[in-house]
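Engineer: So that we are looking at the same thing, I have put the structure below in structure tokens.
The values are calculated or read from the model by the stated rules, or taken from the named source; none is laboratory data. Since this is a predicted model, take the numbers as computed values, not measurements. Don't worry about glycine lacking a Cβ; one is built from the backbone with ideal geometry, like all the others, and counts go over all protein chains shown.
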Amino acid sequence: MRAAGNSFEQRACAELERAGLKLLVRNYSTRHGELDLVMRDGDTVVFVEVRYRKSASHGDATASVTASKQARLILAAQHWLAAHPQHARRTCRFDVISYDGPVDAIRRDWLRGAFEAT
């Protein structure tokens, strides 16, 4: 499944770059979790979670970013910002790129500002 995850992360990265975002880092890992993509959208740092669900039997891909997953992403983002102080004062945003359905009929959704750090 990791190979599929990498494939969708590459796809999301390419789509976001075509939309004008700039990649800062892929797969940033901390003990709190991993940030799939860290990008810049103008002056905003965007932490992107990429999700894929072949079947919606347990909810769609966006719904899989639960409150506990959001908390881990926020902690990982705080860690990244502390390690990259040149970005620490920038506005930040959490986006989710979700891919749902079988590969031959996939649906993509880009949820900007999917959740906020509280």
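Engineer: Return the pairs, sorted by first residue and then second, in which the second residue is at pLDDT 65 or above and acidic (Asp, Glu), the first residue lies in segment 43-64 and is closer than 12 Å to Ala114 by Cβ and assigned to a helix (DSSP H, G or I), the beta carbons are less than 7 Å apart, and the residues are 6+ apart or on different chains.
Structural biologist: Every condition considered, the pairs that remain are Thr62/Asp109.
Engineer: Now, a different point. What do you reckon, is Ala63 modelled with pLDDT under 95 and over 12 Å from the mean Cα position of the chain (by Cα)?
Structural biologist: yes
Engineer: Let me ask something additional. When segment 85-117 is examined, which residues are found to be part of a loop (DSSP other than H, G, I, E, B), surrounded by fewer than 16 Cβ atoms within 10 Å (Cβ to Cβ) and in contact (Cβ under 8 Å) with a residue 40 or more places away in the chain?
Structural biologist: Arg90, Thr91, Pro102, Ala117, listed by residue number.
Engineer: If Tyr28 meets every condition in (1) assigned to a strand (DSSP E or B); (2) modelled with pLDDT under 95; (3) hydroxyl-bearing (Ser, Thr, Tyr) apart from one, which number is that one?
Structural biologist: It is condition (2) that Tyr28 fails.
Engineer: I need the full set of residues from segment 65-84 which are farther than 19 Å from Arg40 by Cβ and not in a loop (DSSP other than H, G, I, E, B), in order please.
Structural biologist: Ala67, Ser68, Lys69, Gln70, Ala71, Arg72, Leu75
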